[in-house]
Structures are given as C-alpha cells and as structure tokens.
Amino acid sequence: MAWAIIPHYGWSFSMGSAYQFHSWRVFVVVCALPCVCAVVALTFMPESPRFYLEVGKHDEAWMILKQIHDTNMRARGQPEKVFTVNRIKIPKHLDELVEMKSESGNAVSKVLFRSKTELRGILVNFIKCFDYPLKENTIKLAIVWFTLSFGYYGLSVWFPDVIKHLQADDYASKVKTHSNERIEDFTFNFTLENQIHTNGVFISDRFVNMKLKSVTFIDSTFRNCYFDDVTSVGSYFRNCTFIEAFFYNTDIDDSKLIDGTEVINSSFHHNKTGCQMTFDDDYSAYWVYFINFLGTLAVLPGNIVSALLMDKIGRLSMLGGSMVLSGISCFFLWFGTSESMMIFMLCLYNGLSISAWNSLDVVTTESFPTDRRGTGFGFCNALCKLAAVLGNMIFGSLVGITKAIPILLASSVLVCGGLVGLRLPDTRANVLM
C-alpha cells in the first residue's frame with residue numbers, strides 16, 4: 001500500500017494501481033462512523049424492562065427499574081428514597097399463546113399463528129391510538145409531526161439549491177462577450193473562463209495545455225488550428241466550423257460540438273475519457289457539503305438550550321415556540337438576496353427547529369401508554385417520512401422558479417403546526433403508564 005497525492009482530487013492512497021481511495025470515499029466512511037459508534041454503544045445499554053417481563057426475566061427487569069429509579073432520585077436530591085413496586089401487569093407471552101393454539105408442535109402452524117397474532121396486535125394497537133382518550137392527542141401529534149417534517153426537510157433541500165442558484169446567477173452576470181474577433185497564428189496556453197465568443201475567426205492558432213471553463217463559441221470558424229492537451233469543462237461549440245483542425249489528447253467530442261457544428265478534414269487522436277471536472281472547476285460540489293456542515297453545526301446550540309430548559313419552560317412552550325419562530329425566520333428569507341445572508345438564515349432556521357424536534361420526541365413519548373407507545377411513535381415517524389418525501393419533491397421543483405411559494409408555504413405550515421402543538425396536553429408532570 002502506498003500513499004500518493006492525486007492532483008485536483010485531494011489525498012488518496014492506492015493499492016498497487018487497481019484501487020484508489022479518493023476523498024469522496026473518505027466522506028462516506030466518516031459519515032458511517034457515528035452509526036458504528038452507536039452500534040457499539042448499544043451493547044452497553046440495558047435492555048427494556050418491559051421486554052424482560054414479557055420473556056419472564058423478572059429479576060433483571062427489577063434491577064433495571066431500580067437503577068433508573070435510583071438515578072432519578074439522586075438527580076432530584078433524594079437519594080434516600082427506596083424503590084418499591086405497588087402493582088405490575090405482565091402481558092401473556094406470545095410463545096404461550098402459540099403453544100396453546102398448537103400443542104402438536106407443528107412448526108408451520110406455529111409460524112403462521114405467530115405472524116397472525118403479531119399483525120393483529122399491531123393493528124389493534126394502532127386502532128387503540130385513535131380511541132378515547134388518545135384520539136385527539138394522536139391527531140394533533142400527527143399534524144405537528146407532518147408539518148414540522150414537511151417544512152424542515154423541504155427547506156433542507158431548497159436552501160443549498162437556492163444558494164447554488166444564486167452562485168450561478170452571480171457567475172453568469174460576470175460573463176465576458178467577444179464578437180467578430182479574428183485571431184491568426186496565436187498560441188493559447190492559458191485558461192479561458194466564463195466567456196462567449198460570437199462570429200470569431202481563428203486561423204492557424206494553437207490551443208496547447210489549456211483549459212476552457214464555461215466558454216461558448218457561437219458561429220465561429222477554426223481553420224488549420226491545433227488542439228493539444230485541452231480540457232473543456234462546461235464549454236461548447238455551437239454552430240461552429242472546424243476546417244483541417246488537429247485534436248490530440250483533448251476531451252472535445254460530439255457532446256461539445258452541438259447545434260450544427262461541422263468538422264471538415266479534421267482528425268482526433270487519443271481523446272481523453274472520463275469526467276475531467278475537478279473541485280477547482282466546480283467549487284459548488286464542495287460548497288454544498290460545506291453549507292450542510294454549517295447548517296448541521298448550527299443545531300448544537302439548539303440541542304444545548306433544549307436540554308437545559310425543556311423541564312423549566314415546558315415541552316409545549318418549547319415545541320410551539322420553536323416552530324413559530326422557525327416559521328417567522330423562514331419569512332425573512334424573502335429579503336435574502338445574497339449568498340451569505342441565505343447561509344445565515346439557514347443556520348438560524350436549523351438552530352431554532354432542532355428544539356422543536358427534541359421537545360416533540362419527548363411529548364410523543366409521554367403522550368402514549370407503554371403498550372401503545374411504540375405503535376404511536378412509529379405512526380408519527382411514518383408520517384414524518386411521508387412529509388419529508390413530499391417536501392423534497394415540492395420544494396425541489398420550485399428552485400430557480402420563485403421564492404414566494406416555498407417561503408410562504410414553509411412559514412404557514414410551521415406556524416400552524418406550532419399553534420397545534422401548543423394545544424397538546426402538558427405531559428411534564430405525567431406519570432408514564
């Protein structure tokens with residue numbers, strides 16, 4: 001294994017010549033590290049007491065419940081309180097039901113009955129989430145989950161694309177235009193960037209060891225020209241004519257020669273293959289990751305604030321207040337005309353909305369009893385994913401078309417969801433059932 005520096009593509013190491021570990025793979029590996037750490041950390045976490053009770057391991061369940069009780073009492077400054085259990089309801093084990101149904105021990109019937117029982121239990125639990133007294137709270141929670149996810153994930157797609165669109169508009173506004181130029185016996189050995197050449201005539205010119213970056217030639221003629229080691233990124237020849245031109249080690253091919261471009265008595269040798277674009281050519285490829293990094297970094301203060309103040313100001317105040325403030329911050333995107341202002345608004349929005357996510361998780365957990373908590377939380381998360389998909393599709397389709405609809409839509413949805421969240425019952429003093 002040998003280390004090597006790959007020009008324009010960042011660092012890499014290679015194993016012989018068969019494999020190269022480029023920087024985008026490093027990015028993927030780094031993103032996977034938290035998942036690996038989470039899997040390792042799970043091995044040190046205690047199992048659910050309910051699970052132990054369901055599988056008949058009562059002593060293990062008591063120990064975990066006692067550990068939770070003692071930890072909470074020490075945090076409240078009451079370490080002397082003794083853990084006691086007044087009443088406990090143990091659900092009938094599914095394995096017992098299977099044995100009761102099929103004492104013959106037939107494996108197929110056991111599997112079928114187990115599957116039917118599991119599915120029936122899920123359906124019954126789901127229906128119970130919409131029975132009194134949970135029905136109203138379930139509907140409100142579903143609305144809050146849907147609106148928060150729709151606005152958050154929709155804007156998470158819209159923000160980077162809008163910033164990229166602003167960059168493209170700024171780049172296009174600086175384009176240089178050249179018309180009716182005639183250049184003979186000249187050597188181009190430097191980079192041409194962001195230019196448009198119209199009705200130009202190039203005679204016996206040499207394009208050597210150069211790069212064409214976002215350059216367009218329109219209605220131009222190249223006669224007896226020599227192209228050697230030329231890279232053309234985002235560059236095109238529209239309705240041009242090449243007469244007795246020689247191309248060697250270039251990436252100029254049919255995809256660049258468009259709109260009726262003619263090639264007469266010209267030859268191509270050792271054309272470059274593959275993508276020739278680098279981060280130097282398309283800085284936005286890096287910029288998208290950097291913007292997402294800033295947006296993700298902005299949630300750190302929101303996480304700290306929500307952890308410290310949730311019990312003091314209440315779950316509902318934090319949930320509704322964060323969503324309403326997020327909606328208001330979205331409205332000010334209307335005045336964002338520069339790249340830096342949009343990035344600032346992205347960071348502000350992420351910092352405000354993360355408090356809503358944290359408080360919503362707590363409120364949802366505390367709103368359902370134990371036997372319906374997993375089903376209710378799963379239903380809300382399913383709505384969250386559906387809203388995320390819809391948000392990505394709708395907001396993504398509006399990039400570059402108008403700012404009014406995404407801004408008004410996100411603002412109204414978040415504010416309405418926050419107001420619904422304020423109508424949820426306060427669960428801060430509730431004893432979990």
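The values are calculated or read from the model by the stated rules, or taken from the named source; none is laboratory data. Keep in mind the model is a prediction, meaning the values are calculated, not measured. Every residue, glycine as well, gets a Cβ built from its backbone with ideal geometry; the counts of neighbours run over all protein chains shown. Ligands, DNA and RNA are stripped out before the accessible areas are found, and what is left, the full protein with its side chains, is counted by its heavy atoms. Shrake-Rupley method; radii C 1.70, N 1.55, O 1.52, S 1.80 Å.
With respect to the stated conditions, Gly327 fails to be surrounded by fewer than 20 Cβ atoms within 10 Å (Cβ to Cβ), under 21 Å from Lys140 (Cβ atoms) and of a type outside the set (D, E, K, R).
Residues in the range 354-376 that are within 29 Å of Leu155 (Cα to Cα) and touching a Cys at 6+ places or on another chain (Cβ under 7 Å): Thr364, Thr375, Gly376. Take the conditions (1) open to solvent by less than 60 Å² (accessible area, probe 1.4 Å); (2) under 30 Å from Tyr153 (Cβ atoms); (3) modelled with pLDDT of 80 or more; Ile252 misses just one of them, which is (2). Within the range 370-414, the set of residues being of a type in the set (S, T, N, Q), touching a residue at least 24 places away in the same chain (Cβ under 8 Å) and closer than 27 Å to Phe335 by Cβ comprises Asn392, Ser411, Ser412. Within the range 20-33, the set of residues being open to solvent by 80 Å² or more (accessible area, probe 1.4 Å) and either at pLDDT 85 or above or within 25 Å of Thr370 (Cα to Cα) (or both) comprises just one member, Leu33.
The set of residues from the range 122-148 being touching a Gly at 6+ places or on another chain (Cβ under 7 Å) and either of a type in the set (A, V, I, L, M) or modelled with pLDDT of 85 or more (or both) comprises Thr138, Ile143, Val144, Thr147, Leu148. Looking only at residues in the range 394-421 that are open to solvent by 30 Å² or more (accessible area, probe 1.4 Å) and among the hydroxyl-bearing types (Ser, Thr, Tyr), the one that is nearest to Gly154 (Cα to Cα) is Ser397. Take Ser220 and tell me if it is in contact with a His (Cβ under 9 Å, 6 or more places away or on another chain) and among the small types (Gly, Ala, Ser). For Ser220, the condition - in contact with a His (Cβ under 9 Å, 6 or more places away or on another chain) and among the small types (Gly, Ala, Ser) - is met. Taken over the range 363-393, the criterion of being among the aliphatic types (A, V, I, L, M) and open to solvent by 10 Å² or more (accessible area, probe 1.4 Å) is satisfied by Ala382, Leu383, Leu386, Ala388, Val389, Leu390, Met393. Can you tell me which residue is nearest to the chain's Cα centre (by Cα) among those in the range 75-89 that are exposed (fewer than 12 other Cβ atoms within 10 Å of the Cβ) and farther than 20 Å from Thr370 by Cα? Looking at residues that are exposed (fewer than 12 other Cβ atoms within 10 Å of the Cβ) and farther than 20 Å from Thr370 by Cα, I get Ala75. Would you say Gly295 is small (Gly, Ala, Ser), more than 16 Å from Gly418 (Cα to Cα) and part of a helix (DSSP H, G or I)? Spelling it out, Gly295 is indeed small (Gly, Ala, Ser), more than 16 Å from Gly418 (Cα to Cα) and part of a helix (DSSP H, G or I).
Quick check, is Leu319 closer than 25 Å to Asn194 by Cα and at pLDDT 85 or above? Judged against the criteria, Leu319 is not a match. Quick check on my filter: what residues within the range 177-190 are of a type in the set (Val, Ile, Thr) and more than 19 Å from Tyr248 (Cβ to Cβ)? Answer for the range 177-190, where residues must be of a type in the set (Val, Ile, Thr) and more than 19 Å from Tyr248 (Cβ to Cβ): Thr177, Ile183.
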